[in-house]
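Asks: Structure incoming, see below.
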Amino acid sequence: MINKGLSHYQSAQKNSGAFENRAFLEKIMEKGALYNIAFLQNRALLETILELPECMIDAKKMKQMETLLLWLLKTQEEARVS
């Protein structure tokens with residue numbers, strides 16, 4: 001009986017985590033649509049990002065990520081102009 005309870009608890013935890021991730025993903029996509037940011041509306045890209053393992057990001061990597069996101073935003077604006 002205890003084994004069944006444990007397996008039910010573990011499956012409920014998995015489903016709860018998946019539900020939270022899905023809700024978080026939907027919120028990001030809504031904001032992406034609101035601000036018209038194309039790469040934040042890409043479900044496959046966001047799911048891949050959410051599946052990445054959690055790890056510490058140092059300041060250098062954060063700066064590189066900021067540079068990349070600013071470049072993506074700039075190229076998106078240039079594509080709209082042309």
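Since every read-out is calculated from the coordinates, none of them should be taken as a lab result. Since this is a predicted model, take the numbers as computed values, not measurements. Every residue, glycine among them, receives a Cβ derived from its backbone with ideal geometry; neighbour counts consider all protein chains shown.
Asks: Just checking, how many residues over segment 33-82 are under 23 Å from ASN21 (Cβ atoms) and acidic (Asp, Glu)?
Replies: Qualifying residue count, segment 33-82: 3.
Asks: Of everything in segment 30-51, what is among the aliphatic types (A, V, I, L, M) and more than 9 Å from the chain's Cα centre (by Cα)? Give them in sequence order.
Replies: ALA33, LEU34, ILE37, ALA38, ALA44
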